[in-house]
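Enquirer: Below: one structure in structure tokens.
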Amino acid sequence: MTKNITVFGASQPQPGDLTYEQAFLLGKLLGQEGFTVLTGGYMGTMEAVSRGAAEAGGHTIGVTCEEIETWRKAKANPWVKEEWKKVTLKDRLHTLVEACDAALALPGGIGTLAEIAIYWSDLQVGILSPRPLILIGPGWRATFETFIQTQATYIRPEYRPLVTFANDVEEAVSLLVGAIHQSQ
């Protein structure tokens, strides 16, 4: 059975940027593993991941929405093989969270942080069954270590392991494959 893997990340990276190239490699590795890749479907790391997965023979789904397209005048990137168009950003976000068997997060900004927080919260309260949430890069590790350290009273110890950290995309895919095989 094919597993759906959502990848969260920034819209700003361009071809040639290190972040874009890492996202392309992530998509390629996920495609080579036979995963279906879900992204927000637009530019930046969403495009790079979709491109990498598509070029590796993987299936790509872009979860897009009318509110983003009105705000940004964007359309799905050319490597999206299947588009799931939503009306609102909230519907888009919840689809990305709920329609996957695992999620990975590349570096990103406010939107990426919101996606991670909703995913983690849904894991915490049992809305989502247990599944991997892997954050890639030293930025996320530093952000969440600071968050957990400064807000420790409010984040119970049993909810902290719901987030896993990877130094790079290769480690993230290795952790993902291990977690998927362990759950079968």
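Enquirer: Between 135, 96, 113, which is in a strand (DSSP E or B) and under 23 Å from residue 17 (Cβ atoms)? Walk me through how you get there before you give the answer.
Expert: Values: 96 fails: in a strand (DSSP E or B); 113 fails: in a strand (DSSP E or B).
Residue meeting the stated conditions: 135.
Enquirer: Then there is this: Exactly one of these conditions fails for residue 33: (1) crowded, with 24+ Cβ neighbours inside 10 Å; (2) more than 20 Å from residue 111 (Cβ to Cβ); (3) among the acidic types (Asp, Glu). Give me its number.
Expert: Exception for residue 33: condition (1).
Enquirer: Could you list all residues from region 9-64 that are polar (S, T, N, Q), out of contact with any strand residue (DSSP E or B) (no Cβ under 8 Å at 6 or more places or on another chain) and outside any helix (DSSP H, G or I)?
Expert: 11, 12, 14
Enquirer: Something else: Taking the condition in contact with a strand residue (DSSP E or B) (Cβ under 8 Å, 6 or more places away or on another chain), under 16 Å from residue 23 (Cβ atoms), crowded, with 17+ Cβ neighbours inside 10 Å and not aromatic (Phe, Trp, Tyr), does residue 180 pass?
Expert: Answer is no for this residue.
Enquirer: A further question on this structure: Could you say whether any residue in region 66-84 is among the aromatic types (Phe, Trp, Tyr), out of contact with any Asp or Glu (no Cβ under 9 Å at 6 or more places or on another chain) and part of a helix (DSSP H, G or I)?
Expert: Yes, because at least one residue in region 66-84 is among the aromatic types (Phe, Trp, Tyr), out of contact with any Asp or Glu (no Cβ under 9 Å at 6 or more places or on another chain) and part of a helix (DSSP H, G or I).
Enquirer: Sticking with this one: Considering each residue of region 144-160, count those that are surrounded by 11 or more Cβ atoms within 10 Å (Cβ to Cβ), in a helix (DSSP H, G or I) and without any contact (Cβ under 8 Å) to a residue 24 or more places away in the chain, and give that number.
Expert: Total satisfying the criteria: 6.
Enquirer: Being small (Gly, Ala, Ser), farther than 26 Å from residue 41 by Cα and surrounded by fewer than 18 Cβ atoms within 10 Å (Cβ to Cβ) is true for just one of 109, 126. Which residue is that?
Expert: Within the list 109, 126, the selection yields 126.
Enquirer: Quick check on residue 84: is it surrounded by fewer than 24 Cβ atoms within 10 Å (Cβ to Cβ) and modelled with pLDDT under 95?
Expert: Taking the combined requirement at face value, the residue does not satisfy it.
Enquirer: If you don't mind, there's one more thing I want to ask. With respect to residue 79, is the statement that it is surrounded by fewer than 18 Cβ atoms within 10 Å (Cβ to Cβ) and either at pLDDT 95 or above or not charged (D, E, K, R) (or both) true?
Expert: Here the answer is no, as residue 79 does not meet what is asked.
Enquirer: Could you figure out which of (1) within 18 Å of the chain's Cα centre (by Cα); (2) under 30 Å from residue 34 (Cα atoms) isn't true of residue 143?
Expert: Of (1) within 18 Å of the chain's Cα centre (by Cα); (2) under 30 Å from residue 34 (Cα atoms), only one is false for residue 143: (2).
The values are calculated or read from the model by the stated rules, or taken from the named source; none is laboratory data. Small disclaimer: the values here were computed from a predicted structure and weren't measured. For neighbour counting, all protein chains shown are included, and Cβ atoms are generated from backbone atoms with ideal geometry for every residue, glycine included.
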